[in-house]
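The values are calculated or read from the model by the stated rules, or taken from the named source; none is laboratory data. Source: prediction; values computed, not measured. When we count neighbours, we look across all protein chains shown, and the Cβ atoms used for this are built from the backbone with ideal geometry, even at glycine. These area figures cover heavy atoms from the full protein model, side chains too; ligands, DNA and RNA do not enter into them. Shrake-Rupley method; radii C 1.70, N 1.55, O 1.52, S 1.80 Å.
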Amino acid sequence: MKSREELIDELLELSFAEDIGDGDHTTLCCIPADAIGKQRLIIKEDGIIAGVEIAKMVFHKFDPELKVDVFINDGARVKKGDIAFEVTGKVQSLLQTERLMLNIMQRMSGIATTTHKYMEQLKGLKTKVLDTRKTTPGMRILEKEAVKIGGGYNHRIGLFDMILLKDNHVDFAGGIVNAITKARKYLAEKGKEMKIEIEVRNLDELQQVLNTGGVDRIMLDNFSPELTKKAVELIGGRFETESSGGITFDTLRAYGECGVDYISVGALTHSVKGLDMSFKAC
């Protein structure tokens, strides 16, 4: 299993190769190699900033001599006109790192801002907002970090750190009981310790899980708020509960008021709008 730092380094390698190729010929043709300058990150929209620490990694990976002065840290509320940081060094380096840094920061800040809004919608309730695996390929580690910066919580990172028996797994395994039994047997044989979550589509499947046991969390998939409340009552605190499927910002609180522990929201990462910002010479 690769470390966070290794995954981010590989992402940056690929991103620079994708953007620069055999050279930034626009910059190389008109900017002297020894020219020194300064640029600042200007926030153009209110929100939650995220990606400052990753931006520092972008600059230092490309040119270790770039100097970054940070004024606003990850997780802070920002407003239009704020200056998040300034970077001083070779102008060629500033221009070649600009777009990658902005792409990452705008994306992460948009996710953090959206997550914060969802968490605020649940204020006063025990329910927490979870992300999903509906992330941009290769950028999952950054997008899930952005969710945490925005005040949300991470579901499993990938297929390797939790067992989540979804509808297709249940159907291919031959039903609820078989799926749970096989999952527990697999963990025992492999000597692995990880949580087991199972998705249910109706109250009949829920009752099968309650009769079988052997799981840590039950996902109530595409349940209405009314059905969710009934399911939570049936579960009675014996297992963690998670609502999922078709839940929007407008319906979020209604599900939270049913008493579920978690609500997973794919929209935090799969269709979020980036936070507007620019990187300008100063």
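Evaluated against (1) touching a Leu at 6+ places or on another chain (Cβ under 8 Å); (2) part of a loop (DSSP other than H, G, I, E, B); (3) of a type outside the set (Val, Ile, Thr), Leu220 falls short on exactly one condition, (2). Arg40 fulfils the conditions (1) in a loop (DSSP other than H, G, I, E, B); (2) in contact with a strand residue (DSSP E or B) (Cβ under 6 Å, 6 or more places away or on another chain); (3) over 23 Å from Glu145 (Cβ atoms) except for a single criterion, (1). Of everything in the stretch 183-198 that is over 15 Å from Arg238 (Cβ atoms) and in contact with a Gly (Cβ under 9 Å, 6 or more places away or on another chain), the residue that is least open to solvent (accessible area, probe 1.4 Å) is Ala183. Residues in the stretch 115-128 that are in a helix (DSSP H, G or I) and open to solvent by 30 Å² or more (accessible area, probe 1.4 Å): His116, Lys117, Met119, Glu120, Gln121.
Between Glu98, Glu86, the distinction of being surrounded by fewer than 24 Cβ atoms within 10 Å (Cβ to Cβ), part of a helix (DSSP H, G or I) and modelled with pLDDT of 95 or more belongs to Glu98 only.
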